Amino acid sequence: MDALLLSRIQFGFTVSFHYIFPILSIGLAIILVIMEGLYLKTKKQVYHQMTHFWVKIFGLIFALGVATGIVMEFQFGTNWATYSRYVGDVFGSALAAEGIFAFFLESGFLAILLFGWNKVKPRTHFFSTIMVCFGAHFSAVWIVVANSWQQTPAGHHIVGTGAAARAEILNFWDMLFNPSTVERLSHVLGGAWQAGAFFVLSVSAFYLLKKKHTEFAQKSMKIGLVVAAFAAIFQLITGHFSAIVVEEHQPAKMAAFEAVYPENEAAGYHLFGWVDEEEEKVKYGIEVPGLLSLLLHGDPDAPVKGLRNFPPDERPPVNAVFQTYHGMVIIGMALIGLSLLGLFLWWRGKLFNYRWLLWIFVLSVIGPQLANQFGWFSAEVGRQPWIVYGLLKTSEATSKAVTANEVMISLTMFAIIYLLLLVLFIYLLNEKIQHGPEDFEYEKEGQRA
């Protein structure tokens, strides 16, 4: 393998591992606000228990997110020097804003959230919870802005030629609100809310199966279920609008999502299948005729631009994109069904009656993680061969001085370190879950124990 392929594998590996933690922290942050808000409103001790317990989990996840995220920014300089020079003006402003306005806000109030229980007033602590939640979401804004600019560049001009070419911002607001920012950000946040909600559902269902912390688990599960159902429906809506933006601005990617090859014909939607890229057709699949045209244009006979409109060297790896996209959709639909089933059984008073359903909820924590990973894979692999869509190809973006052996050594080291971090995370998480929520006594009115 050459340095280009190894660099892509290394960045994909480190980003995929890191992405587990930010989406969990964003999703848990919104749930923490709900739980602590309910405590302040009702003064019920169980909501205090919930908040205190999940804050500890949040702190662990936040720490892993920071530790694994630092690596990526260094890779821009070591493995992707040409790319860094090309997008530095654009990415510099977005990443600087993320660090100054979002990360510092989140990490600053995190100290009060974690250690201020009996040191500040309850409403002050709740304010810190809100600020941590806001900081987590605001951080996602700037990261998605930077990535969306790669997908749909806007608000810039190109300075220089050849190896010296780079993008400079002409209009900051056009760059910030490039054509895909709003749709992609809403879809990312919906996935994060799902991840946090199903994490809460998983742990709560586990306690119910073990007949431990019953009141805590039932109330936590109800909160998680409401957020999960809202986020699942929200994902369906934002995913639809995101697909429309992709079809308009990245038609080759949309064609790869559904393996549409004819130049301009009505296109169906495959429920599943396997793409034969040599024969240019989907095998072993089921297709609903005209459905893709209907979803994108409101007309089952509307033409969709197919892959034959693009030169072979400007098409993404079709089968890989097709499989990850459909994996995301299938899991997303399953999560909608599971959350709505949970709401229905709650309404019927039977939510906690079925052990088989509780086991499904325990395992459901994997679903949003897989769907989020598949979504990013389909989005990032789908824009290939471009690293900045229509402007800079991935093959031209690497550091010319870095050799394949050097990348292989660093990739191996990262794999070992990340494996150790994963083992440590699972061990500490299991310890906290096994320990469970704590009982609290008030030292005096208006103060937390």
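Could you check how many residues of segment 104-130 are part of a helix (DSSP H, G or I) and either buried (at least 19 other Cβ atoms within 10 Å of the Cβ) or in contact with an Asp or Glu (Cβ under 7 Å, 6 or more places away or on another chain) (or both)? It would help to see each step written out before you state the result.
Looking only at segment 104-130, we keep the residues that are part of a helix (DSSP H, G or I), and these are 104-115, 122-130.
If we keep only those that are either buried (at least 19 other Cβ atoms within 10 Å of the Cβ) or in contact with an Asp or Glu (Cβ under 7 Å, 6 or more places away or on another chain) (or both) as well, we get 106, 109-110, 113, 125-126, 128-129.
So the answer is 8.
Candidates are the residues of segment 53-108 that are more than 19 Å from the chain's Cα centre (by Cα) and among the charged types (D, E, K, R); the one that is farthest from Phe134 (Cα to Cα) is Arg85.
What residue, among those in segment 198-238 that are surrounded by fewer than 19 Cβ atoms within 10 Å (Cβ to Cβ) and either modelled with pLDDT of 95 or more or within 20 Å of the chain's Cα centre (by Cα) (or both), is nearest to Gly298 (Cα to Cα)? Once the filter is applied, the top-ranked residue is Ile237. Looking at the structure I just gave you, is His52 farther than 30 Å from Ser378 by Cβ, crowded, with 22+ Cβ neighbours inside 10 Å and in contact (Cβ under 8 Å) with a residue 12 or more places away in the chain? It is false that His52 is farther than 30 Å from Ser378 by Cβ, crowded, with 22+ Cβ neighbours inside 10 Å and in contact (Cβ under 8 Å) with a residue 12 or more places away in the chain.
Considering segment 10-45 alone, what residues qualify as being among the β-branched types (Val, Ile, Thr) and either within 13 Å of the chain's Cα centre (by Cα) or within 14 Å of Lys219 (Cα to Cα) (or both)? Before you say what the answer is, go through the steps one by one.
Initially, segment 10-45 is screened for residues among the β-branched types (Val, Ile, Thr), giving 14-15, 20, 23, 26, 30-31, 33-34, 42.
Selection gives Val15, Ile20, Ile23, Ile26, Ile31, Ile34, Thr42.
Out of the helices (runs of 4 or more DSSP H) lying entirely within segment 248-353, which hold 3 or more residues that are aromatic (Phe, Trp, Tyr) and surrounded by fewer than 19 Cβ atoms within 10 Å (Cβ to Cβ)?
Values: elements: 251-257, 291-297, 318-347.
Passing ranges, in order: 318-347.
To keep it simple, each residue is scored yes or no on (1) touching a Phe, Trp or Tyr at 6+ places or on another chain (Cβ under 9 Å); (2) not small (Gly, Ala, Ser).
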position: Gln151; (1), (2): yes, yes
position: Ile169; (1), (2): no, yes
position: Gln194; (1), (2): yes, yes
position: Ser204; (1), (2): yes, no
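Restricting attention to segment 76-96, the residues that are surrounded by 19 or more Cβ atoms within 10 Å (Cβ to Cβ), more than 12 Å from Ile169 (Cα to Cα) and of a type in the set (Ser, Thr, Tyr) add up to 2.
Table: residues versus (1) small (Gly, Ala, Ser); (2) farther than 22 Å from Val381 by Cα.
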position: Val260; (1), (2): no, no
position: Tyr284; (1), (2): no, yes
position: Ser293; (1), (2): yes, yes
position: Asp299; (1), (2): no, yes
position: Gly306; (1), (2): yes, no
position: Asn309; (1), (2): no, no
position: Arg315; (1), (2): no, no
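The values are calculated or read from the model by the stated rules, or taken from the named source; none is laboratory data. All of these numbers come straight from a predicted model, not from anything done at the bench. For neighbour counting, all protein chains shown are included, and Cβ atoms are generated from backbone atoms with ideal geometry for every residue, glycine included.
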